[in-house]
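The values are calculated or read from the model by the stated rules, or taken from the named source; none is laboratory data. In this text, all values refer to a predicted model and were calculated from it rather than measured experimentally. All Cβ positions, even for glycine, are placed from backbone atoms using ideal geometry, and neighbour counts span all protein chains on display. SASA here: full protein model, heavy atoms, side chains in, ligands and nucleic acids out. Shrake-Rupley method; radii C 1.70, N 1.55, O 1.52, S 1.80 Å.
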Amino acid sequence: MAESAVLRQRISTHTAEATNRRHQYYEESSIEKRKHGGRNYPFILKATLALFAFIILLLIFEASWYSDGHGDIINLDSIEILSTVPLGFTIDLPDTNNLGALEIYLDSKGIYSIDSPASSSSINERKINAGTCDIGDHGENTLKHAFSIANGGLVDMKRILLKPGNHVVEIQRREKHRLIPYAQMALKVNSPPDLILSSSTTAKSSPYEDAYKLALEEIGSNIACNHFVAGTGWSQLWTRDTSFAAELGAALIHPHVVRTSLMASVQVLKNGKMIWLQDKCGHFGGWPNLSDAIVGVRGAWSLYLVTGDKEFLKWAYDVTKNSLEAAEADVLDKDSGLFLGCSSFLESNSGYPEKYMNDGELVGKTKALSTNMLYYSGYNLASKMGRELGELDEPIQD
């Protein structure tokens, strides 16, 4: 009996010790588990706080980096165009060699990617040319027109037509592997003016409406980089074409383009005076064989009637006075009181007898009715300009 009791006591002791060791094992295992990714909530909280602090520091660094001038966004002058005119704009770059690659976005959609200002054909003399301004070799052409598209490139022009409304052009520069906002420009696109017909005519069913829409499209398609050009095959800015276009309605619809085009249609004489630029043609040459540059005054006056811009009127008045003075010195036949020179708007030799067809000097000795009518108009309008400006008009007799 005694032996049996002792045996039971030993078994009970071993059982208790085993139970204690098992509890101790589970407790140590639980602690170890928490150390190695178990549900250790204090550790997760600390990690989250550390990550949050890192993000805050990163944002502070970004703000400091931008405030040092790396991220200042340049707000460019806004542009306002009609929905019938292809987009075209030029942006001047700062005087720096560290711009790197540039990305241009229109309403958050990439439209241009420029590898570097030094090697890109889209950048000329630190300028970004986009849309219809991104045309090869635009500028003065071989005939000395003020603005030209190389190779008659109207057909190949980069056309971006926008819907009416507000748009945004953004420029970002690439630095390493990130894009940094550099500049932005607001762009407002307006619908063309409505055609107002009589109450008895429904615009939607009228052939006038169709003709009006066609005219808007034709005019818009001949605007390149805010300049009028004379059309496919004649893709230069002509003083004559611009002036007649302004007078025939373009000044009402595109006053900004008319102003830009007219102010480019000038030349400076050796004496420093600015005059209307004489158009040139391949058959007969330019001044003095062609002498109808005074036509610029008709476009200028038409624009003034729309805008009432006295500053522009003063500029055009001075150019016109100088042009009349130059014409009186170079192409006025004092015996007849008429001006010499080719017929205006008929500079093609196909309109002349064979004797004159290939002789620009001989054509320059003729006295064309159309050209002399333009000079009469030039004196008349210059006089009106002077009166509008409060200038004494004794030098100009209408």
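A Förster radius of 56 Å combined with the Cβ-Cβ distance from residue 49 to residue 389 puts the calculated FRET efficiency at roughly 0.15.
Please give the peptides 311-318, 177-184, 266-273 ranked by average Cβ packing (other Cβ atoms within 10 Å per residue), highest first, as a rough proxy for protection.
311-318, 177-184, 266-273
Taking a ≥ b ≥ c as the square roots of the eigenvalues of the Cα gyration tensor of the range 240-345, is the shape rounded (a/c under 1.5), prolate (a/b larger than b/c) or oblate? Verdict is prolate for the range 240-345. In terms of its alpha-carbon gyration tensor, the range 171-287 comes out oblate; a/c meets the 1.5 threshold, while b/c is at least as large as a/b. For the range 205-313, the dipole from Cβ point charges (+1 on Lys and Arg, -1 on Asp and Glu) about the Cα centre works out to 520 debye, to the nearest 20. Remark: spin-label model distance residue 334-residue 359 equals 2.6 nm, labels positioned 7 Å along the Cα→Cβ axis.
Under 22 Å between C-alpha atoms is the cut-off here; go through the range 214-369 and count lysine pairs that meet it, provided they're at least eight residues apart or on different chains. Counting lysine pairs in the range 214-369 gives 17. For the range 234-282, the spread of Cα coordinates along the three principal axes comes to 36, 26, 15 Å, biggest extent given first.
Go through 147, 345 and list them by solvent-accessible area, largest first, probe radius 1.4 Å.
Solvent-accessible surface, decreasing: 345, 147.
Spacing of the modelled spin labels on residue 310 and residue 195, each 7 Å from Cα toward Cβ, amounts to 3.8 nm.
Under a 5 Å amide H cut-off, with hydrogens placed 1.01 Å from N, residue 127 pairs with 93 among residues at least 5 apart or on other chains. Surface composition of the range 248-398: carbon plus sulfur atoms contribute 53% of the solvent-accessible area (1.4 Å probe, protein chains only, all chains present).
Averaged over residues, the count of other Cβ atoms within 10 Å places the peptides 362-368, 372-378 in the sequence 372-378, 362-368, highest first. Between the residues 337, 272, 237, the greatest Cα displacement towards the positive end of the dipole of the range 204-356, with unit charges on the Cβ of Lys, Arg, Asp and Glu, is found for 272.
Relative contact order of the range 182-335, taken over Cα pairs closer than 8 Å and 6 or more residues apart, is 19 percent.
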